[in-house]
Amino acid sequence: MITTDSASQLLHKESQLILISENFSGHRLDWLIRLVKLIGERDLAVFAIDVSRLTHDPFDFEIEIYSDFKSKHELIKFIGKNQVKATLIFWDGDNWLFEMFRLKANIRGLIMRPYLASRSLRDLTVFVIKRLTMLFLKKFKSIELAYLAIPYCIVGKKRNYWVDDDLLIDSEFLKILRGQRLLNQRKQSFKILVPGYISERKNPKLIIDACKILSNNSQYEFELVFQGKVEESLKVTFAINNMSWLKVHDKYFPRSEYLELLNEADVVVIPYSTIASSGVAVECFALNVPLIMLQDYRWYGAVSQAGINLRLTKRHVDQLAIILNEVLSSSLEQREEFDFKYTEVQTALNFLVEGQLRGSA
């Protein structure tokens, strides 16, 4: 951690990139590790509100970190008091649009959730306000904005600058992991995995209830594994549902261990609406792990890709149970290999480091 004076000095350096973030939950920690590798420690600093995950992670961060803030307002106020020559990068640009108005600096912002959530009046209003704000920031404040694309989603009129979600797996490690997914005809038990931070919003009860049906009607033995930190309010729910096939690993996993556990799954389930890209989905595509998600037309492009084992289901317990049974039934069959490739001209992290490629729309 650095002092206020040191933080001010960083803001005055033209070569400096300063990442602005509320916290490092979910894939943000993995993104930071990749950023450090892309940029180098001397050119990257972090200004954030909550850095608790950085202090508990085994990765040796030698970057400058300043977190003497209680709110976004305090953080932006501190930056605004300085003459900023550094470049500020926001990977949660959606959440900082109005704060960007108050800053005079070179800014790059990644819009993580660029899609319309639903056609409700509230969501439509929020979407229009955000888009108008982005238009103003680009036109009158010359802020660079990029939109994080859902893999293989075709956007009708690409007036905006779209980037791919980064695959955060080293190429050599990816080869090792894919080599481990050998066909096992004698398999007796299967693993259904729900990875990541488990909150009420992620509908854990939906998958638990579907697995209850599966347990009663299927010939297969299985484990349903929740792998990741559990929201405090849900711990009672898991305690009540004390089935022999339900396992809860309530902790953060080191990156390599997480990927190995993901690779061992017979099917991964994302039992919540995903109106933005998903790092878990990208990893499953690359590892050739079967994936079940809630239905959304923006993922149809990925479903249509030969070699991607993605199934979409309505938010209905019976239908999810049927699809789970179908996926487990076919899991012993030889699957078509899929060679994961980026489809946009840049990835999200490359955009944050380098800025928008010249000549790109």
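Rule-based calculations on the coordinates, nothing more; no lab input. Since we're looking at a predicted model, the values are computed, not measured. Ideal geometry is used to build each Cβ from the backbone, glycine not excepted, and the neighbour counts take in all protein chains shown.
Values for this structure:
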| item | result |
| --- | --- |
| Reach of K314 by Cα under 13 Å, taken over aspartates and glutamates that are not fewer than 8 positions away in the same chain | D296 |
| Net charge dipole size for the chain [Lys, Arg +1 and Asp, Glu -1 on Cβ; Debye, nearest 20] | 1400 |
| Magnitude of the charge dipole, the stretch 171-330, Cβ model with Lys/Arg +1 and Asp/Glu -1, debye to 20 | 120 |
| Signed unit charges on C-beta, dipole axis of the stretch 239-361, positive-most listed residue T343, Q356, P254 | Q356 |
| Value of [θ]222 nm, deg cm²/dmol, for the chain, DSSP H segments ≥ 4, -39500 (n - 2.57) each, nearest 500 | -10500 deg cm²/dmol |
| Peptide ranges 165-173, 300-308, 16-24 listed from the most packed, as the mean C-beta count within 10 angstrom indicates | 16-24, 165-173, 300-308 |
| Under 5 Å, built H, 5+ apart or other chain: amide partners of L19 | A45, V46, F47, I89 |
